Amino acid sequence: MRAFRLTGPGTARLDEVATPVPGPGQVRLDVLAAGVCRSDLAVLERVEALGYPLPFTFGHEICGRVAAVGPGVPEFAPGDEVVVHAPVGCGRCDRCARGETNYCDDGHESGATGFGLGLDGGMADAVVVDAARLVPSAGLEPAHAAVLADAGLTSYHAVAGSLSRLAGEDAVAVVIGVGGLGHVAVSILRARTRATVVAVDIREPALELARTLGADRTATLGSGAGEVRAATGGRGADVVFDFAAAQSTADLAPSLLRKGGDLVIVGSGGGVVPVTKPGSLPAGSRVRLPFWGSRDELAEVVALAREGLLPVRTEEFGLAAAPEVFDRLRAGEIVGRAVLTPVR
Ligand code: FEH
Ligand code: ZN
Ligand code: ZN
């Protein structure tokens, strides 16, 4: 089978590899769709620092169809369509037992973060995963379902931790970075809150997508502060979600925040926000750094999507286009989420 693998620092290629066989408690999925994430670009460049064992197959945002089940998997059968909860942990601690592998205290024995992040993932014709990680997705279009497994789940988990800040009638949420994750966050804020949503990005196609998904106001980095002041009567936003976390957005975010507001840093751009008193963050601020989400939250995201409440924008490509898609994502040419569909 084909697999788009990271073979060394900055080196990835489409390889022909043996088709994996599911062991006890595992299934093999024919991959229907695998999303391409900005984190894949970071992993490609920084794999030595991350310490992931090489080679491995990319793809941590996976929708597939069960092709074969290993021993002891009564709950799934060939033909079932599913999405994969891909973050991995030790598999023994309380958090792993609750499906919160994204916050496992000990980490996976291999040093991997997830399927597609140190373990073989879904940018391939097939992938073997634990059946316990699967959430049924039948009825959802595979590219849409795949996006829920990372962009959807990460945004949902990020919003969930700040719902208390968004409960007021006049709540305002800012989404900085309307990319693969940020555009889904606009849908999730629309679905789960009554907050006014202000979307900030540097690209007009991204701001147009935000408006399509229901953002109330849109702004560029330069006009963001003025737009937020106008939306909040000068008070500032109750929650600012930074999906880019570049230094330019890290510099802007604190100035958009209301006293007692949440700054939620979701992106991994590495931008620095000094947390000092006195400093740029207003009194009562909380800074959160959410990471991915739990298996139960993934089931909640799929349920919202089934109700038609989580529209997402995807651009689909064949598996062999993976190198070109990585380049286009790096160049800022993807609007919404790029998804590889191996069966095409
Ligand atoms: C993966 C690895 C490291 C940082 C962030 C991520 C996310 O893309 C997972 O949702
Ligand atoms: Zn990701
Ligand atoms: Zn654990």
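The values are calculated or read from the model by the stated rules, or taken from the named source; none is laboratory data. A quick note: this is a predicted structure, and the numbers were derived from the prediction, not measured. No Cβ is skipped: glycine too gets one built from the backbone with ideal geometry, and neighbour counts run over all protein chains shown. The protein model used for the area step is the full one, side chains on, heavy atoms only, and it has no ligands, DNA or RNA in it. Shrake-Rupley method; radii C 1.70, N 1.55, O 1.52, S 1.80 Å.
With +1 on each Lys and Arg Cβ and -1 on each Asp and Glu Cβ, and nothing else charged, work out how big the dipole of region 1-102 is about its Cα centre, in Debye to the nearest 20.
Working: 10 positive and 12 negative charges, 32 e Å.
So the dipole magnitude of region 1-102 works out to roughly 160 debye.
Keeping all protein chains in position, work out how much accessible area C104 exposes to a 1.4 Å probe, and write it in Å² to the nearest 10. Using a 1.4 Å probe on the heavy atoms, I get roughly 30 Å². Rg/Rh for region 1-137 (Cα atoms only, Rh after Kirkwood) is 0.95. Here region 33-79 has an Rg and Dmax of 15.1, 40 Å, counting Cα atoms alone.
Using the empirical formula 2.2 N^0.38 Å as the baseline, the Cα radius of gyration of the chain reaches a ratio of 0.97.
Sorting the segments 273-279, 75-81, 64-70 by their residues' average number of neighbouring beta-carbon atoms within 10 angstrom, most packed first, yields 64-70, 75-81, 273-279.
Nonpolar atom fraction for the chain, defined as the carbon and sulfur part of the 1.4 Å probe accessible area, stands at 51 percent.
Determine one quarter of the surface area of the Cα convex hull of region 1-80, which equals its mean projected area, and express it in nm² to one decimal.
Working: hull surface 23.1 nm².
Mean projected area for region 1-80: 5.8 nm², to one decimal.
By its C-alpha gyration tensor, with a ≥ b ≥ c as the square roots of the eigenvalues, how is region 1-45 shaped: rounded for a/c under 1.5, else prolate for a/b larger than b/c, else oblate? Because a/c hits 1.5 or more and a/b exceeds b/c, region 1-45 counts as prolate.
Length available on full extension from C90 to E169: 0.36 nm per residue minus the Cα-Cα distance, which gives 24.2 nm. Taking label positions 7 Å along the Cα-Cβ direction at both E75 and E48, the computed distance is 4.2 nm, reported to one decimal. Overall size of region 144-191 from C-alpha positions, given as principal axis extents largest first: 33, 17, 14 Å.
Placing a label point 7 Å from the Cα of A225 along the Cα-to-Cβ direction, the residues of region 193-211 whose backbone N falls under 18 Å of that point are 199-202.
Just so you know, the Rg over Rh for region 199-254 is 0.94, from Cα atoms, with Rh as the Kirkwood radius.
Let me test this: with uniform point scatterers at the alpha carbons of region 124-225, what is the Debye-based log₁₀ I(q)/I(0) at q = 0.14, 0.17, 0.21 1/Å? Here the Debye-derived log intensity ratios amount to -0.60, -0.80, -1.07.
Please give the charge dipole size of the chain, origin at the Cα centre, charges +1 on K and R Cβ atoms and -1 on D and E Cβ atoms. Round to the nearest 20 debye. If you can, show how the numbers build up before the last one.
Values: 32 positive and 40 negative charges, 178 e Å.
Taking the Cα centre of the chain as origin, the dipole is about 860 debye.
Could you tell me the calculated FRET efficiency between R203 and R98, based on Cβ-Cβ distance and R0 = 41 angstrom, to the nearest 0.05? After rounding to 0.05, the efficiency reads 0.60.
At q = 0.14, 0.18, 0.23 Å⁻¹ the log10 of I(q)/I(0) for region 207-322 amounts to -0.76, -1.11, -1.33, computed by Debye summation with a single uniform scatterer per C-alpha, solvent ignored.
Among 307-315, 12-20, 171-179, 245-253, the peptide with the highest mean count of other Cβ atoms within 10 Å heads the list, and the full ranking is 171-179, 245-253, 307-315, 12-20.
Taking the Kirkwood radius as the inverse of the mean 1/r across Cα pairs, report the Rg/Rh of region 169-243.
0.92
Stokes-Einstein diffusion coefficient for region 71-122 at 25 °C in a medium of 0.890 mPa s, Rh from the Kirkwood formula over Cα pairs: what value in µm²/s? Mind dumping the intermediate values first?
Values: Rh = 12.1 Å.
Diffusion coefficient, whole number: 202 µm²/s.
With labels modelled as points extended 7 Å from the Cα through the Cβ direction, what inter-label distance (nm, one decimal) is found for V275 paired with R192? For the pair V275/R192, the computed spacing is 2.1 nm. Simple spin-label estimate for E16 and Q247 gives 4.7 nm between the two label positions (7 Å along the Cα-to-Cβ direction from each Cα). For a modelled paramagnetic label at R235, 7 Å from Cα along Cα-to-Cβ, the residues of region 138-172 in reach, with backbone nitrogen under 11 Å, are 166-172.
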